[in-house]
Amino acid sequence: MTKVLVATEKPFAAAAVEGIKETVENAGFEFALLEKYEGQEALIEAAKTADAMIIRSDKATKEVLDAAKNLKIIIRAGAGYDNIDLVAATANNIVAMNTPGQNSNAVAELALGMMVFQARNHFNGKAGTELKGKKLGIHAYGNVGRYVANIAKGFGMQVFAFDPFVKKEDIEKDGVIALNSVEDLYSNCQFISLHIPANDKTKKSINFELLNSMPKGGTLVNTARKEVIHEEDLLKLMEDRNDFTYLSDIAPDCRADFENKHEGRFFFTPKKMGAQTAEANINAGIAGANQIINFIKNGDITFKVN
Ligand code: 3PG
């Protein structure tokens, strides 16, 4: 029987697990669950007998994929698939897919939530500022970027975007001003919300020059990946400009420097939690289960990324 393994170090909400189990079993497949595991060994061991897998930010390394001798498909229940070794997946004849859009609203709500939290001084009782009328630049206008734009317009923000892969007219029909370059975006907007993927081109690409061009009160909101930030540059900027703030879904590697020197000018979630809502877990998890079923039964490769 086709065995579908859900392997999540950071578990889905219980309702999502139930929904995935039901979907998988209704299709006549076997359901297996590995949650809150410690270390790659546990993942490698569980992967050995799986025909299909659903993961989150779990690391599907070459070791995992080489060991998974029966594996035909691996689903990243979410958007960013930088945690899957795509070369190893292809070499092992494993189809890799993501579930685009399914958890995007949750991530967008966290981006705006962190902005409000910071603008109101972490709710410490002192007078803060409002988002209304401020300029927000969306760096990459994909699924999450679109949701962020929509919510930000509700706050009365002026919303701008830059994305070389999206037509200007597609951005502007959402009532968002499309800018011509990343430099224009950063130099125009007090708030920047990052939505670029982490890959060889983007890692460490958010550098001193870009960040330093942001207007007074510059606030960088990162619900993408910590790897896209040039952390040495960010730290230098934090030293040079005491008006600058960094908000991130998970802490940078240089977290201790922020804690020691920049109190009140940063916020980091303790665990990556942009997509950590019941709704997002249900949407992404069940979409992943259906993608597995459609692939195994009908050869459907929509959302294949390798
Ligand atoms: C994504 O790429 O979809 C998000 O970063 C969510 O990651 P998570 O499933 O590990 O919370």
**Item:** segment 54-95, subset part of a loop (DSSP other than H, G, I, E, B) and of a type in the set (Lys, Arg), residue farthest from Gly288 (Cα to Cα)
**Value:** Lys69
**Request:** Read through the list (1) within 22 Å of the chain's Cα centre (by Cα); (2) free of Cβ contacts under 8 Å to residues at least 60 places away in the same chain; (3) surrounded by 20 or more Cβ atoms within 10 Å (Cβ to Cβ), then give the number of the only condition that Ala47 fails.
**Result:** (1)
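Going through segment 206-229 one residue at a time, which ones are within 16 Å of the ligand (Cβ to nearest atom), farther than 22 Å from Asn121 by Cβ and not in a helix (DSSP H, G or I)? I'd like the intermediate steps shown before the answer.
Taking segment 206-229 as the starting set, the residues that turn out to be within 16 Å of the ligand (Cβ to nearest atom) are 221-229.
Keeping just the survivors that are farther than 22 Å from Asn121 by Cβ gives 224-229.
Correct list: Ala224, Arg225, Ile229.
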**Request:** State whether one or more residues within segment 296-306 are surrounded by fewer than 16 Cβ atoms within 10 Å (Cβ to Cβ) and within 13 Å of the ligand (Cβ to nearest atom).
**Result:** yes
**Prompt:** Looking at (1) more than 22 Å from Ala111 (Cβ to Cβ); (2) in a helix (DSSP H, G or I), which is the one condition that is false for Asp300?
**Reply:** (2)
**Message:** Condition first: within 16 Å of the ligand (Cβ to nearest atom), within 24 Å of Ile293 (Cβ to Cβ) and crowded, with 16+ Cβ neighbours inside 10 Å. Can you find one or more residues in segment 141-154 that meet it?
**Reply:** yes
**Asked** When residues of segment 230-260 are filtered for being crowded, with 20+ Cβ neighbours inside 10 Å, away from the ligand (no atom under 15 Å from the Cβ) and not in a helix (DSSP H, G or I), how many remain?
**Response** 4
**Prompt:** Based on what the data block shows, is Ala289 under 15 Å from the mean Cα position of the chain (by Cα), farther than 18 Å from Gln118 by Cβ and not assigned by TED's automatic domain parsing to the domain that holds Gly217?
**Reply:** no
**Item:** Filter result (hydroxyl-bearing (Ser, Thr, Tyr) and either away from the ligand (no atom under 16 Å from the Cβ) or surrounded by fewer than 20 Cβ atoms within 10 Å (Cβ to Cβ) (or both)) within segment 82-128
**Value:** Thr90
**Prompt:** Hey, Leu131 hits all of (1) buried (at least 16 other Cβ atoms within 10 Å of the Cβ); (2) more than 16 Å from the ligand (Cβ to nearest atom); (3) under 30 Å from Ala16 (Cα atoms) but one; which does it fall short on?
**Reply:** (3)
**Message:** Six or more apart or on different chains, Cβ atoms under 9 Å: show the pairs whose first residue is in segment 201-225 and at negative phi and whose second is at pLDDT below 95.
**Reply:** Asn222/Ile250; Arg225/Ile250
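Which of the following residues is within 16 Å of Ala77 (Cα to Cα) and surrounded by fewer than 20 Cβ atoms within 10 Å (Cβ to Cβ): Leu5, Leu33? Can you show your working first?
On the way: Leu5 fails: surrounded by fewer than 20 Cβ atoms within 10 Å (Cβ to Cβ).
The unique qualifying residue is Leu33.
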**Fill in**
Given (1) touching a Ser or Thr at 6+ places or on another chain (Cβ under 6 Å); (2) within 16 Å of the ligand (Cβ to nearest atom); (3) among the charged types (D, E, K, R), Asp51 misses just (2)
**Item:** In segment 1-22, the residues that are more than 12 Å from the ligand (Cβ to nearest atom) and either assigned to a helix (DSSP H, G or I) or of a type outside the set (A, V, I, L, M, F, W, C) (or both)
**Value:** Thr2, Lys3, Ala14, Ala15, Val17, Glu18, Gly19, Ile20, Lys21, Glu22
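The values are calculated or read from the model by the stated rules, or taken from the named source; none is laboratory data. Quick caveat: nothing in here was measured; it's all calculated off a predicted structure. Cβ atoms come from the backbone with ideal geometry, glycine included; neighbour counts cover every protein chain shown.
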